[in-house]
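I have placed the structure first, in the form of structure tokens, so that the comments after it can refer back to it.
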Amino acid sequence: MFDVGFLAGKTTWLIFVLRCIFIHLAYPSMPKFLLLVLAFLGCFSATATPAPAPVRVGIAGLTHAHVHVLLGRAQRGDVVIVGIAEPNRDLAQRLTKQYGLSMKLVYPTLEEMLVKTKPQAVTAFTSIYDHLAVVQACAPRGVHVMVEKPLAVSVDHARQMAALATKNHIHLLTNYETSWYGTNQRAYELVTQQKTVGDIRKIVVHDGHQGPKAINVNPEFLEWLTDPVQNGGGALIDFGCYGADLMTWLMEGQRPESVTAVTQHLQPQVYPRVDDEATIVLTYPHAQGIIQASWNWPYSRKDLEIYGQTGAVFALDSRQLRVRPTEKSAPQELTIAAPPAPHDEPFAYLAAVVRGDIPEDKLSALDTNLIVVEILDAARQSAKEGKTVYLSK
């Protein structure tokens, strides 16, 4: 007789027996061996692993414009919004109406939302300064956290957040738009794994747009984005973080030896309290990084240039990649597809990490983003003091 001893669980056994009876009654002359095989195959199909339940996600704050990505994303069945913590009632009503959500989801405080909705993870769309408070509320409850870039407003905040995450065994992730660019992922493979252009010698990252005022960000976002305490700075923080994240990733987690930064107020009448132009130079033992962060570009850009010993790789945007392996090689213009799910966007990724389906990606991981904040802190100090800051080993 066919051995079905490996079928696990009482439910599986019951399904198997019932299918045997059903098939025997329907086909009494069927050979026993064939009957058992068909019953087993049907049992295997009936007990196939169901789709995982969506991860319960809470939202901390609605002032960050990136919250629209979560509120407006296509329903993929991977996450469900169970609560929103937002004290600004008018803002909450405006956004829930825009996306067809119920105001019953909205709570005036994060603590109340956590207690009443019990999310598995919280996404923070607050000011950067408030990221620490979000982790302080979530970590002791075992609730995972994803913050919008950068991780924290200062090294002090970042270290407090890291200690809470480690103590309470939660994932603490940082979301960057550029983490989900297929071009960046392909550039990483070409440069660090395939060594297409030899060892890295220089990385140049350009990030920014015409400025938050010029592109008409919502007033609640503009208020804290241009506040030196709530955001930690202006363009240096807002867009410098992208380059610091990508460089730390491409340099395999190395901390730079030194950080030199220059900031300017090219639009002082618009941004009187924070910089709107920043250039950051990072030095490594055998390479250099240049980050150009600006609220003065004539158009929005997030592009990356990697120069090796023999050639270069340019990620021009999320889809277009230019590869020139050697001086004598003609540039190859490639169109790169989006990364496969769940690495194609932040909230599918968050759900997969929380469920334990995939490991954390280095771009969003805590160890990388502690270095990012250290770079930004040093850049802010360098710009203020007008001198190079050397990082301790």
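Here are the numbers for the structure shown:
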read-out: Residue list for the stretch 262-312, restricted to those being among the polar types (S, T, N, Q) and crowded, with 21+ Cβ neighbours inside 10 Å; value: T263, S294
read-out: Residue within the stretch 281-290 that is outside any strand (DSSP E or B), under 25 Å from the mean Cα position of the chain (by Cα) and more than 18 Å from L151 (Cβ to Cβ) present; value: no
read-out: Residues being under 17 Å from H265 (Cβ atoms) and touching a residue at least 24 places away in the same chain (Cβ under 8 Å) - total across the stretch 215-224; value: 0
read-out: Test: residue in the stretch 182-192 that is modelled with pLDDT of 95 or more and at positive phi; value: no
read-out: Residue match in the stretch 264-275 (condition: touching a strand residue (DSSP E or B) at 6+ places or on another chain (Cβ under 7 Å) and within 17 Å of P150 (Cα to Cα)); value: yes
read-out: Enumeration of residues in the stretch 92-106 that are surrounded by 11 or more Cβ atoms within 10 Å (Cβ to Cβ) and among the small types (G, A, S); value: A92
read-out: Residue ID - nearest to H343 (Cα to Cα), chosen from residues in the stretch 57-69 that are touching a strand residue (DSSP E or B) at 6+ places or on another chain (Cβ under 6 Å) and buried (at least 19 other Cβ atoms within 10 Å of the Cβ); value: V57
read-out: Answer from G233, G289 - the residue that is out of contact with any Phe, Trp or Tyr (no Cβ under 8 Å at 6 or more places or on another chain), touching a residue at least 40 places away in the same chain (Cβ under 8 Å) and on the phi > 0 side of the Ramachandran plot; value: G233
read-out: Pairs, first outside the structural domain of I59 (by TED's automatic domain parsing) and touching a residue at least 12 places away in the same chain (Cβ under 8 Å) in the stretch 351-362, second among the charged types (D, E, K, R) and surrounded by 17 or more Cβ atoms within 10 Å (Cβ to Cβ), C-beta under 8 Å, six or more apart; value: A351/D78; A352/D78
read-out: Test: residue in the stretch 80-98 that is in the same structural domain as V122 (by TED's automatic domain parsing), closer than 28 Å to Y176 by Cβ and modelled with pLDDT under 95; value: no
read-out: Wholly enclosed helices (runs of 4 or more DSSP H) of the stretch 111-228 bearing at least 2 residues over 17 Å from the mean Cα position of the chain (by Cα) and small (G, A, S); value: 131-138
read-out: From D276, D344, residue being under 30 Å from Q120 (Cβ atoms) and among the charged types (D, E, K, R); value: D344
read-out: Residue tally, condition at positive phi and surrounded by fewer than 15 Cβ atoms within 10 Å (Cβ to Cβ), over the stretch 193-214; value: 2
read-out: Meets criteria (in contact (Cβ under 8 Å) with a residue 60 or more places away in the chain and in contact with a Gly (Cβ under 6 Å, 6 or more places away or on another chain)) for Q309; value: yes
read-out: Every residue from the stretch 350-376 that is farther than 21 Å from G253 by Cα, of a type outside the set (G, A, S) and buried (at least 21 other Cβ atoms within 10 Å of the Cβ); value: L350, V354
read-out: Positions within the stretch 175-191 being touching a strand residue (DSSP E or B) at 6+ places or on another chain (Cβ under 8 Å) and not small (G, A, S), in sequence order; value: N175, E177, T178, Y181, T183, N184, R186, L190, V191
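The values are calculated or read from the model by the stated rules, or taken from the named source; none is laboratory data. Computed from a predicted structure; not experimentally measured. Reconstructed Cβ throughout: ideal geometry from the backbone, glycine too, with neighbour counts over all protein chains shown.
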